[in-house]
């Protein structure tokens, strides 16, 4: 009876872990089964990690601590797979050593040691299989161990390539929508530079980004735990800014065709809904505190007027916007609360410099680029030609 139970436990663990590893690393499709090792593993470890993170005051230290989780959890997951497979093969090996009625030559602990040596193809030779089934099992385990290590080595570059492609678009929002990105900043930047016609191309690129994000994060949900390079940037914040931009365009921004905004919004809302379901994040019924209040809406309209952006949403625009927000903001904020990623608002909270404006002569770079884009520096430089002054002197006077 003991032998039968040991064999059953070993085979069960073996099948359970190999199936989980296959689904995580090789199956390019979302797994809908409720109970699986990887799902339980990430839920338990992330709950412990976030509980510890909340003991650290919000700020750079907490973000550094949270940024470790993605890579560390994958290393621990691979170690868990290997340890469980070694245990499973060790239990089966102990049973196989008794095939044909042979007396056991060693206890389970020694067979687990033999399993570990075989799994990593070390082959010390101090403990060896004695029966034909045990020898066959040793060969199978060596192949399984070598195969798992090879798949893991090939899996990690794919994972980091997907992460890099996701983050490349997030970083691009720094100059277009600020850091953290907001819809108001994005629309005003394009309006100030007479680039509203380029928003269609931009939103089309983000529609493609959303489709790639959905496919990669459903196949590899652990990517959601990988954080961006800067504390005020995130894939979730970028997604919120683009959806907010689409909502404003659809409701009342003049001179921008609504078709692409509609397509991008539909794609990104699918991303939010599917990822919340994949990570098993319960959706809050209300957003508290709200991301947008009437005072913020007045700031949006004031920023639009300053940038020369025409708003024709009408008197019911705020109510219409509230109805649109209710279709995606609860999922967004629930994901943000679960992942401890702050979701940016609709208006920039402060006027701090974006990342591209920082560093030596960052303020001068901003003034130069903005002035050249709106033509004010060029006209000032031309007016100074009559005085016979150099271009450098004219620009320096203009930037003071």
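The values are calculated or read from the model by the stated rules, or taken from the named source; none is laboratory data. Bear in mind the structure is a predicted one, so any value in this text is a computation, not a measurement. No Cβ is skipped: glycine too gets one built from the backbone with ideal geometry, and neighbour counts run over all protein chains shown.
In this entry, residue 230 passes the filter for residues that are in the same structural domain as residue 183 (by TED's automatic domain parsing) and either more than 22 Å from residue 31 (Cβ to Cβ) or not in a helix (DSSP H, G or I) (or both). Do we have residue 137 as over 30 Å from residue 235 (Cβ atoms) and in contact with a helix residue (DSSP H, G or I) (Cβ under 6 Å, 6 or more places away or on another chain) here? Answer is yes for this residue. Regarding the stretch 108-124, can at least one residue be identified that is touching a residue at least 40 places away in the same chain (Cβ under 8 Å), closer than 29 Å to residue 157 by Cα and in a helix (DSSP H, G or I)? For the stretch 108-124, residues touching a residue at least 40 places away in the same chain (Cβ under 8 Å), closer than 29 Å to residue 157 by Cα and in a helix (DSSP H, G or I): absent.
Any idea which of 219, 228 is out of contact with any helix residue (DSSP H, G or I) (no Cβ under 7 Å at 6 or more places or on another chain), in contact (Cβ under 8 Å) with a residue 12 or more places away in the chain and either under 19 Å from residue 42 (Cα atoms) or surrounded by 19 or more Cβ atoms within 10 Å (Cβ to Cβ) (or both)?
On the way: 228 fails: out of contact with any helix residue (DSSP H, G or I) (no Cβ under 7 Å at 6 or more places or on another chain).
One residue alone meets the criteria, 219.
Restricting to the stretch 172-186, what's the tally of residues that are assigned to a helix (DSSP H, G or I) and closer than 18 Å to residue 268 by Cα? Qualifying residue count, the stretch 172-186: 5. So which residues in the stretch 272-289 are more than 21 Å from the chain's Cα centre (by Cα) and exposed (fewer than 15 other Cβ atoms within 10 Å of the Cβ), if there are any at all? Hits for the stretch 272-289 are 285, 286, 288, 289.
From the list 37, 85, 80, 51, the lone residue that is more than 19 Å from residue 336 (Cβ to Cβ) and surrounded by fewer than 18 Cβ atoms within 10 Å (Cβ to Cβ) is 80.
Of the residues screened, residue 236 is one that is part of a helix (DSSP H, G or I), in contact with a helix residue (DSSP H, G or I) (Cβ under 9 Å, 6 or more places away or on another chain) and under 18 Å from residue 67 (Cα atoms). Take residue 308 and tell me if it is modelled with pLDDT of 70 or more, assigned by TED's automatic domain parsing to the domain that holds residue 287 and either surrounded by 16 or more Cβ atoms within 10 Å (Cβ to Cβ) or closer than 29 Å to residue 272 by Cα (or both). No.
Does residue 303 satisfy the condition of being surrounded by 20 or more Cβ atoms within 10 Å (Cβ to Cβ) and in contact (Cβ under 8 Å) with a residue 40 or more places away in the chain? So that I can check it myself, show each step before the final result.
Values: surrounded by 20 or more Cβ atoms within 10 Å (Cβ to Cβ): no; in contact (Cβ under 8 Å) with a residue 40 or more places away in the chain: yes.
In short, no.
Apart from one condition, residue 194 fits all of (1) out of contact with any helix residue (DSSP H, G or I) (no Cβ under 8 Å at 6 or more places or on another chain); (2) part of a helix (DSSP H, G or I); (3) not assigned by TED's automatic domain parsing to the domain that holds residue 10; the exception is (2). I want to confirm something. Restricting to the stretch 1-21 and keeping residues that are exposed (fewer than 12 other Cβ atoms within 10 Å of the Cβ) and modelled with pLDDT of 90 or more, which single residue is farthest from the chain's Cα centre (by Cα)? Among those residues, the one meeting the criterion is 5.
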